[in-house]
Amino acid sequence: MINQHITGKNQIVAKDKNKNNNRKYLIENISQKVFMISASISVISLLLIIGFVFYKGLTPFLFKGYSFVDFLTGTDWLPNSNKFGVAPMIVASIMATIGSLIIGVPIGIFTAVFLAEIAPKPVQKIVSPAVELLAGIPSVLYGLFGLAFIVPNIQKLLNLPKGQSLLAVILVLSIMMLPTIISVSQTAIKAVPKAYKEGSLALGASKIETIFKVILPAAKSGILAAVVLGIGRAIGETMAVILVAGNSPVIPSSIVDSVRPLTTNIALEMGYAYGTHQEMLFATGVVLFMFILILNLVLRRITNKGDQ
């Protein structure tokens, strides 16, 4: 009787374990499917966006006889005259991006170094929240600041009839990319093992030498990632640029000329465009997408070479 009782208990315990195991496997399977669906939604969304933009943007060149080369090299953007050339917008986007990188990247990296390695904690408690707040400001407010402060000062200091210019775009974009570059670079610098720093200091290097010869090279991949994100912010910005660019579709001959970048061209005219005009604006989006893709590939190759 005792043995039968023990056997019965063992069977009950075994059944409970099986039920628990079955529940665990069921929950695990459901979780895996939920994760897979989430990942699939992200990929499918990207493919849909790319497919739709490329379909609409390439339609004039595949089915209506327009030349893609003429579209890229043309200097006249006159939709009413059926002339669509985006060379001025491409030049403006490239110059604005390069100019903002020249100003924003050094300031962002130096600020990240200051916060991660030099600044005392009381200063960090003030500067770090300020950087985070800067990242949360809507882009249109950056544009309003540029329109109300940067543009009038450029006009006064340089004695220009109009302050809305490529220079104003560069300054606004430089400020806008700072939070991204600072936060990502700071994270990369803090991720460098302390042994690197301690070893350098033990060998007699100064703190500044350690930062520039040991810490920054070790954090190079993260810093380049910050630069890539900064480039994406500069190229893709629209609202702030519209307010300070002047929006003239001509190739700038100097840094104080009015310009119209690619994103601005799309935003200004998409609301009322139709037919071929609308398709050419989608083609402008294709150029913008390819521009960002090429920059990312180039910077990724540079990063991979640096890691070897």
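Throughout, read-outs are computed from the coordinates displayed, never taken from laboratory work. Source: prediction; values computed, not measured. Methodologically, a virtual Cβ is constructed for each residue, glycine included, from the backbone with ideal geometry; neighbour enumeration extends over all protein chains shown.
Farther than 25 Å from Ala130 by Cβ, over 32 Å from the mean Cα position of the chain (by Cα) and either among the β-branched types (Val, Ile, Thr) or surrounded by 13 or more Cβ atoms within 10 Å (Cβ to Cβ) (or both): is that true of Gly199 in this structure?
yes
I need a count of the residues in region 250-297 that are in contact with a Gly (Cβ under 7 Å, 6 or more places away or on another chain), among the aliphatic types (A, V, I, L, M) and closer than 24 Å to Leu167 by Cα.
Counting residues in region 250-297 that are in contact with a Gly (Cβ under 7 Å, 6 or more places away or on another chain), among the aliphatic types (A, V, I, L, M) and closer than 24 Å to Leu167 by Cα gives 3.
Scan region 249-305 for residues that are assigned to a helix (DSSP H, G or I) and either on the phi > 0 side of the Ramachandran plot or among the basic types (Lys, Arg) (or both) and jot them down.
Arg300, Arg301, Lys305
Only one of (1) touching a strand residue (DSSP E or B) at 6+ places or on another chain (Cβ under 9 Å); (2) assigned to a helix (DSSP H, G or I); (3) surrounded by 20 or more Cβ atoms within 10 Å (Cβ to Cβ) is not met by Leu243, so which one is it?
(1) is the only condition that Leu243 fails.
Is it the case that region 25-46 has a residue that's more than 26 Å from Leu293 (Cβ to Cβ) and among the acidic types (Asp, Glu)?
Scanning region 25-46 turns up at least one residue that is more than 26 Å from Leu293 (Cβ to Cβ) and among the acidic types (Asp, Glu).
Do any residues in region 266-284 that are within 15 Å of Leu78 (Cβ to Cβ) have Cβ atoms under 8 Å from those of residues that are of a type in the set (Phe, Trp, Tyr) and assigned to a helix (DSSP H, G or I), where the two are at least six apart or on different chains, and which pairs are they?
Met280/Phe71
Across region 213-235, which residue is farthest from Leu115 (Cα to Cα) among those that are surrounded by 17 or more Cβ atoms within 10 Å (Cβ to Cβ), small (Gly, Ala, Ser) and under 9 Å from the mean Cα position of the chain (by Cα)?
Restricting to residues being surrounded by 17 or more Cβ atoms within 10 Å (Cβ to Cβ), small (Gly, Ala, Ser) and under 9 Å from the mean Cα position of the chain (by Cα), the top hit is Ala234.
Check Gln155, Gln186, Gln124, Gln164 and return the single one that is closer than 30 Å to Ser248 by Cβ and in contact with a Leu (Cβ under 9 Å, 6 or more places away or on another chain).
Only one candidate qualifies: Gln164.
On the basis of being surrounded by fewer than 19 Cβ atoms within 10 Å (Cβ to Cβ) and either in contact with a strand residue (DSSP E or B) (Cβ under 9 Å, 6 or more places away or on another chain) or of a type in the set (A, V, I, L, M) (or both), does Ser248 make the cut?
Spelling it out, Ser248 is indeed surrounded by fewer than 19 Cβ atoms within 10 Å (Cβ to Cβ) and either in contact with a strand residue (DSSP E or B) (Cβ under 9 Å, 6 or more places away or on another chain) or of a type in the set (A, V, I, L, M) (or both).
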